[in-house]
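This report refers to the structure that appears directly beneath it.
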Number of protein chains: 2
Amino acid sequence: MGVVIPLKDRSNPSANLKPLLDLTDADMRQVNRIITERARSDVETVPELARHLIESGGKRLRPMLAIASAKLCKYTGQDHVTTGAAIEFLHTATLLHDDVVDESDTRRGKKTARLIWGNQASVLVGDFLLGQSFLMLVDAGSLHVLKILSQAASTIAEGEVMQLIAANNTATTEDDYLSIINAKTATLFSAATESGATLSGRVAEERAALRSYGKNLGLAFQLVDDALDYSGNSKDLGKAVGDDFREGKITLPVILAFRRGDSTERAFWNRTIGQRKIKDGDLEHAMALMGQHNALEATFERARAYGAVAHDALAIFDDGLEKKAMLDVIAFCIERRH
Amino acid sequence: MGVVIPLKDRSNPSANLKPLLDLTDADMRQVNRIITERARSDVETVPELARHLIESGGKRLRPMLAIASAKLCKYTGQDHVTTGAAIEFLHTATLLHDDVVDESDTRRGKKTARLIWGNQASVLVGDFLLGQSFLMLVDAGSLHVLKILSQAASTIAEGEVMQLIAANNTATTEDDYLSIINAKTATLFSAATESGATLSGRVAEERAALRSYGKNLGLAFQLVDDALDYSGNSKDLGKAVGDDFREGKITLPVILAFRRGDSTERAFWNRTIGQRKIKDGDLEHAMALMGQHNALEATFERARAYGAVAHDALAIFDDGLEKKAMLDVIAFCIERRH
């Protein structure tokens, strides 16, 4: 029998985030304090730009996952807090660079930093945050965690390059797409959860379990992200519905609609996503085609399948508040609307 | 009595680089091997783009300085080689990002990576190299060196942001300019030399001496770089003379010519550097004004002064091949034509 993901209250997905928020609350206050301290710089633009994004109400899911993993592994030290802050900095740096690469105008309902301070400062402040991130990890003193996160930094960049190459290419396969989201998104989720286990000095088996949980949760998270871009509403999302469509980004809903469609439909996808020749009504037509071929439902279905793998990965751990919080967040990632 | 910088053969500045090249030759072969290995990636564009810049005939002064410093400190291990490669990767990453930020078209006589593969891939491959750089340092296993270099990564980015803010601002003072070049250039030189001492487990006094040597050498290096942009020839430089002028970059030759000039001259600088309204003949006029006010000679003079400080910094070390190579390279940095 397969694992059933708990979906207690579909009308309020945030309820599934609450156990994780409660579990990590005290530690996250410290994470947030460290983040504020380390975003300081005597160079005026640096903290301004960094804080614009850092204080824009991101969920801070990755540091929470690192902390929850450490707690699940009965970690009693303080380095999980520094590690959490470093992970959020690394994440923020990649977002700053992504917005430059994708020429994005909004993120989390606000203008992107690149629109306010320019692409140049966004690239450089990203670099500043990367440096600060590694500096914090040095302070935490775990070479093993440093190794996980510096490898993650490289892999994320490789994933972004793969995405760049795949852009506008409707021939991209579902497997290509999986390689991309594995590198650009799942890597940092698994780095976060594996770091928590590593700090605790756990056996290889438990580190591997948490790495697998993080990876599959990250895949589910990104799949839902990509589906929401065609099905969410702009207010919840903090960005316009259809941004991926306008950017010609190849995501699973497009891959499925393209492959399941007839030659007229493929010509439509080749014109819009492939050549970025977009007319009024094209987004609505794209969404209608996705509906016709169940492309969004299939994307959510894939996300649920990865969620089930993440769920199973935690089976070797004892039940308790920590495990419950980490299982519930799987449901949150799948049912969320932003 | 002041220190006299040895200027044995002004007609052949490279002669002053030779002792350093000889001293570090065997180790640099290993550095180069590691660099080639670590630039690998399964994502096609990544190694291509990285190698375009890495294999473009840079002098690799920074890793040579790290290695020479380790040798001066009688280091007998192997981690100086990995550290050298990591420093060159960090340097390459900053160059890739700088060329995007400065919109540069040529570097080392070749088209910049951003012109061939685009700004987006240049940003991302820079991030990849930063990750690889820290991963190598983790392998070398020195937390102290990791701390020096992650701090350097942040400081370099801060320096670039300062430079961005100062761009086109003719009111920039010599002190502002010094803060900028200290952060963006001297930091990595001093990080390289300090790392060599740190690996060797030397006393604080010797680490401080090598840090000071590196910093002052880096300042001299950048001052000469900025003077060569108005006085070198394009073939030696590997880029067009006057690039800084066309970009509106504030460097010491401009600061001095502006301050030493009359109101008509200042209006000229405000139009060209300040507003980037450049007409035919403006570069020649700028160079004439610099000549009239000895702005280039004064810039070289400043470089020689920092060179003298670097020279003095090494006084506490015993004479020998290592020290000679490091003293001679000061003269090279000042007398070089590229």
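The values are calculated or read from the model by the stated rules, or taken from the named source; none is laboratory data. A quick note: this is a predicted structure, and the numbers were derived from the prediction, not measured. Cβ: placed from backbone, ideal geometry, glycine included. Neighbour counts: every protein chain shown. In case anyone asks, the SASA skips ligands and DNA or RNA and just uses the protein heavy atoms, side chains included. Shrake-Rupley method; radii C 1.70, N 1.55, O 1.52, S 1.80 Å.
Pick from the stretch B:228-245 the residues that are farther than 21 Å from residue B:271 by Cα and not in a loop (DSSP other than H, G, I, E, B): which of them is most open to solvent (accessible area, probe 1.4 Å)?
B:235
Restricting to the stretch A:158-179, and then to whatever is open to solvent by less than 20 Å² (accessible area, probe 1.4 Å) and free of Cβ contacts under 8 Å to residues at least 60 places away in the same chain, can you tell me which residue is farthest from the chain's Cα centre (by Cα)?
Among residues in the stretch A:158-179 that are open to solvent by less than 20 Å² (accessible area, probe 1.4 Å) and free of Cβ contacts under 8 Å to residues at least 60 places away in the same chain, the one farthest from the chain's Cα centre (by Cα) is A:161.
Can you run down the residue pairs with Cβ atoms below 8 Å, 6 or more apart or on separate chains, where the first is in the stretch A:105-134 and more than 12 Å from every other protein chain (Cβ to nearest Cβ) and the partner is among the hydroxyl-bearing types (Ser, Thr, Tyr) and part of a helix (DSSP H, G or I)?
A:112/A:122; A:113/A:122
Go through the stretch B:65-108 residue by residue and tally those that are closer than 19 Å to residue B:39 by Cα and not acidic (Asp, Glu).
Qualifying residue count, the stretch B:65-108: 17.
Does the stretch B:99-106 contain any residue that is closer than 14 Å to residue B:63 by Cα and of a type in the set (A, V, I, L, M)?
No, that holds for no residue.
When the residues of the stretch B:93-104 are narrowed to those that are in contact (Cβ under 8 Å) with a residue 40 or more places away in the chain and among the β-branched types (Val, Ile, Thr), which ends up farthest from the other protein chains (Cβ to nearest Cβ)?
Applying the first criterion (in contact (Cβ under 8 Å) with a residue 40 or more places away in the chain) to the stretch B:93-104 yields B:93-98, B:101-104.
From the residues that got through so far, the ones that are among the β-branched types (Val, Ile, Thr) too are B:94, B:101.
Values: B:94: 8, B:101: 4 Å.
That would be B:94.
Taking the stated definitions as given, is residue A:41 touching a residue at least 60 places away in the same chain (Cβ under 8 Å) and not β-branched (Val, Ile, Thr)? Give the steps one after another, and end with the answer.
Values: touching a residue at least 60 places away in the same chain (Cβ under 8 Å): yes; not β-branched (Val, Ile, Thr): yes.
Judged against the criteria, residue A:41 is a match.
Could you list, in sequence order, all residues of the stretch A:297-337 that are surrounded by fewer than 17 Cβ atoms within 10 Å (Cβ to Cβ) and at pLDDT below 95?
A:337
Residue by residue, here is whether (1) closer than 30 Å to residue B:20 by Cβ; (2) free of Cβ contacts under 8 Å to residues at least 40 places away in the same chain; (3) more than 20 Å from the chain's Cα centre (by Cα) holds:
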| residue | (1), (2), (3) |
| --- | --- |
| B:261 | no, yes, yes |
| B:273 | no, no, yes |
| B:289 | no, yes, yes |
| B:309 | yes, no, no |
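Which residue out of A:239, A:249, A:323 is touching a strand residue (DSSP E or B) at 6+ places or on another chain (Cβ under 6 Å) and in contact (Cβ under 8 Å) with a residue 24 or more places away in the chain?
Working: A:249 fails: touching a strand residue (DSSP E or B) at 6+ places or on another chain (Cβ under 6 Å); A:323 fails: touching a strand residue (DSSP E or B) at 6+ places or on another chain (Cβ under 6 Å).
None of the other options fit; the residue is A:239.
If a residue must be part of a loop (DSSP other than H, G, I, E, B) and open to solvent by less than 60 Å² (accessible area, probe 1.4 Å), how many such residues does the stretch B:246-296 contain?
The initial filter retains those residues of the stretch B:246-296 that are part of a loop (DSSP other than H, G, I, E, B), namely B:248-251, B:261-262, B:275-281, B:293-294.
From what is left, the residues that are open to solvent by less than 60 Å² (accessible area, probe 1.4 Å) are B:248-251, B:261, B:281, B:293.
Adding up the residues that qualify gives 7.
Examine the stretch B:148-157 for a residue that is surrounded by fewer than 20 Cβ atoms within 10 Å (Cβ to Cβ), at pLDDT 95 or above and closer than 21 Å to residue A:139 by Cα, and state whether such a residue exists. Give the steps one after another, and end with the answer.
So in the stretch B:148-157, the residues surrounded by fewer than 20 Cβ atoms within 10 Å (Cβ to Cβ) come out as B:151.
Next, from what is left, pick out any that are at pLDDT 95 or above: B:151.
Next cut, closer than 21 Å to residue A:139 by Cα only: B:151.
Scanning the stretch B:148-157, I find at least one residue that is surrounded by fewer than 20 Cβ atoms within 10 Å (Cβ to Cβ), at pLDDT 95 or above and closer than 21 Å to residue A:139 by Cα, so the answer is yes.
Which members of the stretch B:38-86 meet the condition of being farther than 23 Å from residue B:225 by Cβ, open to solvent by less than 10 Å² (accessible area, probe 1.4 Å), more than 13 Å from every other protein chain (Cβ to nearest Cβ) and of a type in the set (Gly, Ala, Ser)?
Across the stretch B:38-86, the qualifying residues are B:70, B:85.
On the basis of being open to solvent by less than 40 Å² (accessible area, probe 1.4 Å), under 25 Å from residue A:94 (Cα atoms) and either out of contact with any Leu (no Cβ under 9 Å at 6 or more places or on another chain) or of a type outside the set (Ser, Thr, Tyr) (or both), does residue B:138 make the cut? I'd like the intermediate steps shown before the answer.
Details: open to solvent by less than 40 Å² (accessible area, probe 1.4 Å): yes; under 25 Å from residue A:94 (Cα atoms): yes; either out of contact with any Leu (no Cβ under 9 Å at 6 or more places or on another chain) or of a type outside the set (Ser, Thr, Tyr) (or both): yes.
So residue B:138 passes the test.
Of (1) in contact with a Pro (Cβ under 8 Å, 6 or more places away or on another chain); (2) under 29 Å from residue B:197 (Cα atoms), residue B:306 satisfies all except one. Which?
Answer for residue B:306: the failing condition is (1).
Can you name the residue in the stretch B:136-179 that is among the β-branched types (Val, Ile, Thr) and not in a helix (DSSP H, G or I) and is also nearest to the other protein chains (Cβ to nearest Cβ) among such residues?
Within the stretch B:136-179, the subset among the β-branched types (Val, Ile, Thr) is B:138, B:145, B:148, B:155-156, B:161, B:165, B:170, B:172-173.
Narrowing the set further to residues that are not in a helix (DSSP H, G or I) leaves B:170, B:172-173.
On the way: B:170: 19, B:172: 14, B:173: 16 Å.
This residue is B:172.
So residue B:90 fits all but one of (1) open to solvent by less than 30 Å² (accessible area, probe 1.4 Å); (2) within 14 Å of chain A (Cβ to nearest Cβ); (3) over 20 Å from the mean Cα position of the chain (by Cα); what number is the exception?
Of (1) open to solvent by less than 30 Å² (accessible area, probe 1.4 Å); (2) within 14 Å of chain A (Cβ to nearest Cβ); (3) over 20 Å from the mean Cα position of the chain (by Cα), only one is false for residue B:90: (3).
Which of the helices (runs of 4 or more DSSP H) found entirely inside the stretch B:1-117 contain at least 3 residues meeting this: among the β-branched types (Val, Ile, Thr) and farther than 28 Å from residue B:232 by Cβ?
Qualifying helices (runs of 4 or more DSSP H): B:79-102.
Any residue in the stretch B:229-238 that is closer than 20 Å to residue B:338 by Cα and basic (Lys, Arg)? Please lay out each step first, then the result.
First pass over the stretch B:229-238, keeping only residues closer than 20 Å to residue B:338 by Cα: B:229-238.
Add one more test, that the residue is basic (Lys, Arg), and what stays is B:235.
Taking every residue of the stretch B:229-238 in turn, at least one turns out to be closer than 20 Å to residue B:338 by Cα and basic (Lys, Arg).
Report, ordered by the first and then the second residue, all pairs with beta carbons closer than 9 Å, sequence separation of six or more or different chains, a first member in the stretch A:180-204 that is assigned to a loop (DSSP other than H, G, I, E, B), and a second member that is hydroxyl-bearing (Ser, Thr, Tyr).
Qualifying pairs under 9 Å: A:200/A:69; A:200/A:75; A:200/A:76; A:201/A:75; A:202/A:75.
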